[in-house]
1. Of SER62, SER45, SER174, which is the most mobile in a GNM of the chain whose springs link Cα atoms less than 10 angstrom apart?
2. How far apart, in nm, are two points set 7 Å out from the Cα along the Cα-to-Cβ line at ASN98 and at HIS154?
3. Picking from THR304, THR294, THR318, which is most flexible by a Gaussian network model of the chain using Cα springs under 10 Å?
4. Taking only the alpha carbons of the chain, what extent do you get along each of the three principal axes, in Å, biggest first?
5. For the range 8-329, give the magnitude of the charge dipole about the Cα centre (Cβ charges: +1 Lys/Arg, -1 Asp/Glu; no others), in debye to the nearest 20.
6. Under the 0.36 nm per residue contour assumption, what length would be gained going from the current alpha-carbon distance of ARG191 and HIS169 to full extension?
7. In whole Hz and in residue order, list the ³J(HN,Hα) couplings for the range 298-306 that follow from phi through the Karplus curve 6.51 cos²θ - 1.76 cosθ + 1.60, θ = phi - 60°; x for Gly and Pro.
8. With r as the distance between the Cβ atoms of ASP44 and GLU309 and R0 = 51 Å, compute the FRET efficiency 1/(1 + (r/R0)^6) and round to 0.05.
Amino acid sequence: MADVTVAPEIRRLSKCELHQHVDGSIPVDLLWSMLRRHGLNPVDSLEEMERRLVLQPDEEGSLLAYLDKFHYPLWITQFYENIRSVAEAIVRQALEHNVRTLELRYSPVIHTFAGLTVRQSVRAVLSGINRVRAEHPDLRCGLVVIAMRQHGPHIAKILARQTVGEAEHLHQRSGVVGFDIAGPERGNPPRLFREAFDVARRGGLGVTVHAGEDAGPEYVWQAVDELGAHRIGHGCTAVRDRELLRRLARDGIVVECCLTSNYQTGAVARDAPHPILAFLEAGVPVAICTDNTTVSDTDQDRETARVAELLGASGLETVRTIHEQAAHRSFIGRTRPGALAR
Ligand SMILES: [Zn+2]
C-alpha cells in the first residue's frame, strides 16, 4: 500500500487503539533475537525474516494468506517470559505513537503448546502490560481474549469460563476487558459461538466480534443479534446492507476499521473506497485501528493519517473526534456486569 505522510498534528493527537493483535504486532528485531536465543531461526538474515513476517505485495488479497503470517511468532510465544516481553514491547511501541487507550487482543489457547495453562498464558500478557503501566499510570490498557473459530464453539465456551476470572474489575491491575472470535471466518458463523458469548457477557466482559471481513453482512447481523456485540471487528461487508447500517448507528455499535489490513486481506477491493466513509455518513461509530502493526507494516499514526487523508479538509478534526469517542467506547474500566448493557 502506498505510504502516507504523517503530519505533526496527527502525531500529537491522543489516540485510541481498540483492535490490535499481539501475535501480529511483535517488533521484527525482538522476534528475531528471541528465535536466535532458542536456536530456531528459519532463515539466515533479519531481512529475510522480515519478508516472512510482513505481508508482501504479491501475497495480498486473501485472508488465509494474511493469517499464514502468524506461524513464526508462535514458535517463541509459548513461554511466559517471552509472552511478557513481546506484550511489553508492543505497549511501548504504541506509546511512541501517542496511543493513550490501548486494547490488545490475543488468543491464549494457541500459546499453551509448551505447557502453559490458559490462565498463565493470559497472565503473561497482562504482566507485560502492567510493567509499562507501572511507569505510565495514566495509560489505559486492557486485553481482549480471542477464541479461534477453527477450534469450535465448545473450546470457545470453556475459554470464556476460564477468562472471566481474569476480568479487569476483579483485580487491582490491568485485566481482561473483552471477548472476541477470530480466524477463518467463512463457514464458521458467529451464531455457533452464542453460548461462549453468553458466558463472557454475564461475566461483565465487552463483546467484539470479527465479522464481515471475509463473509457477508449476515455474519454481522448474527454478531449483533445473537452474540450481543458492542463492537464489530472490520465489518467491511456491512456497507452492502442499509438496514444493517441503520441498526449499527441506532445501537451505537462501533466498527473497528483497519484500513491497511482490509486492503491486504481483500476484505476491501484494491480500487474500492474504504467503507469507513459510508459508516461515518450513516452515523455508525468507528474506531481507527492497526490490526497488526508488524504483519501490516503500519502504526497508529499512519492509520490515522490515512483516514484523515480520505476525509479531506475536515480530516484532522474528524479523526480527533473519532479517537475521543472510541476512547469512551473502550471496554477498559467498564467490565462490571451490567455496565456494558446494550
Ligand atoms: Zn483482527
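The numbers here are math on the coordinates, done by the rules we state, and not lab data. All values derive from a computational prediction rather than experimental measurement. FYI the Cβ positions are ideal-geometry reconstructions off the backbone, even for glycines, and counts take in every protein chain you see.
1. SER45
2. 5.1 nm
3. Comparing THR304, THR294, THR318 in a Gaussian network model of the chain, the most mobile one is THR318.
4. Principal extents (largest minus smallest coordinate, Cα): 52, 44, 41 Å.
5. Value, rounded to 20: 1080 debye.
6. Result: 5.1 nm gained on full extension.
7. Each residue of the range 298-306 in turn: 9, 7, 4, 4, 5, 5, 5, 5, 4 Hz.
8. Computed FRET efficiency for GLU309 and ASP44 comes out at 0.85.
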